[in-house]
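Colleague: Dropping the structure in here first, questions after.
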Amino acid sequence: MTATSETTGSCLCGAVRYQITGPFERFFLCHCSRCRKGSGSAHGANIFSSQATLAWLSGEDSIRTYRVPESRHARSFCVECGSGVPQAKGNWLMVPAGSLDSAIDIRPDAHICCSSRAEWDAHLEDVPSVDGMPG
Ligand SMILES: [Zn+2]
Ligand SMILES: [Zn+2]
């Protein structure tokens, strides 16, 4: 964990750009059904910080936040491309790891909500790896 660092990120279409100053503290891969729906993938990958500050460099007016009714689950995204973007959660800043453009030195702390894993989400390290697209 670095003492102080600046990290940048953006959405898929580039409308939303942001900069984060300060350290990341926690990094979770969440397999709950809401994170799977929201990400369209096996799990959410979110980094958390209670100290970092967020500055929007562009596109703040393109951000919408969807809240799952009667829950604390919310997802902020770019209205142009649907990419997940950072959001405040109480005293924590939550940053979708896949939106980062900078290299980071934090590794995931844990897979969480593993009882909700997709049935195909097991032993993925055994799946063949291909450098580019499949031939
Ligand atoms: Zn976008
Ligand atoms: Zn989740």
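Colleague: Any chance you could look up the accessible area of R17 with a 1.4 Å probe, heavy atoms only, rounded to 10 Å²?
Modeller: Approximately 110 Å² for this residue.
Colleague: May I ask you to give the percent of accessible area on the chain that is carbon plus sulfur, with a probe radius of 1.4 Å? Don't skip to the answer; put the middle values down first.
Modeller: On the way: 4260 of 8500 Å².
C and S atoms contribute 50 percent here.
Colleague: Could you go through region 60-65 in sequence order and give the Karplus-derived ³J(HN,Hα) for each residue, using 6.51 cos²θ - 1.76 cosθ + 1.60 with θ = phi - 60°, rounded to whole Hz, and x for Gly and Pro?
Modeller: 4, 7, 9, 8, 10, 10
Colleague: Tell me what the chain gives for mean residue ellipticity at 222 nm when only DSSP H runs of n ≥ 4 count, each as -39,500 (n - 2.57), the sum divided by the residue total, rounded to 500 deg cm²/dmol.
Modeller: Estimated from H runs of four or more residues: -1500 deg cm²/dmol.
Colleague: Step through the residues of region 28-44 one at a time and calculate ³J(HN,Hα) from phi using the Karplus curve (6.51 cos²θ - 1.76 cosθ + 1.60, θ = phi - 60°), rounding each to whole Hz and writing x for Gly and Pro.
Modeller: These are the phi-based 3J(HN,Hα) values: 10, 9, 9, 9, 5, 5, 5, 5, 5, 4, x, 8, x, 9, 5, 6, x Hz.
Colleague: Which Cα, out of G38, P108, T8, lies furthest along the positive dipole direction of region 6-114 (beta carbon charges, K/R +1, D/E -1)?
Modeller: G38
Colleague: Over every pair of different alpha-carbon atoms in region 6-114, take the mean of 1/r and invert it; report that Kirkwood radius in Å.
Modeller: Working: mean 1/r = 0.0716 Å⁻¹.
Computed over region 6-114, the radius equals 14.0 Å.
Colleague: Here is a further query. Each residue of region 8-20 in order: what ³J(HN,Hα) in whole Hz does its phi give by Karplus 6.51 cos²θ - 1.76 cosθ + 1.60, θ = phi - 60°, with x for Gly and Pro?
Modeller: Result, rounded to whole Hz: 10, x, 7, 8, 4, 8, x, 5, 9, 10, 8, 10, 10.
Colleague: For the chain, which cysteines have no second Cys with its Cβ under 4.7 Å from theirs?
Modeller: For the chain, the answer is C114, because their Cβ atoms have no other cysteine Cβ under 4.7 Å.
Colleague: If you don't mind, another one. What percent do you get for the relative contact order of region 6-114 when only Cα pairs under 8 Å and 6+ apart count?
Modeller: Reported as a whole number, the value is 36 percent.
Colleague: Now for a separate question. Give the accessible surface of the chain per residue, rounded to a whole number of Å², with probe radius 1.4 Å and ligands, DNA and RNA excluded. Write down the numbers at each step before the final one.
Modeller: Working: 8500 Å² over 135 residues.
Value returned for the chain: 63 Å² of accessible area per residue.
The values are calculated or read from the model by the stated rules, or taken from the named source; none is laboratory data. All of these numbers come straight from a predicted model, not from anything done at the bench. Cβ coordinates were reconstructed from backbone atoms using ideal geometry, including for glycine residues, and neighbour counts include every protein chain displayed. In case anyone asks, the SASA skips ligands and DNA or RNA and just uses the protein heavy atoms, side chains included. Shrake-Rupley method; radii C 1.70, N 1.55, O 1.52, S 1.80 Å.
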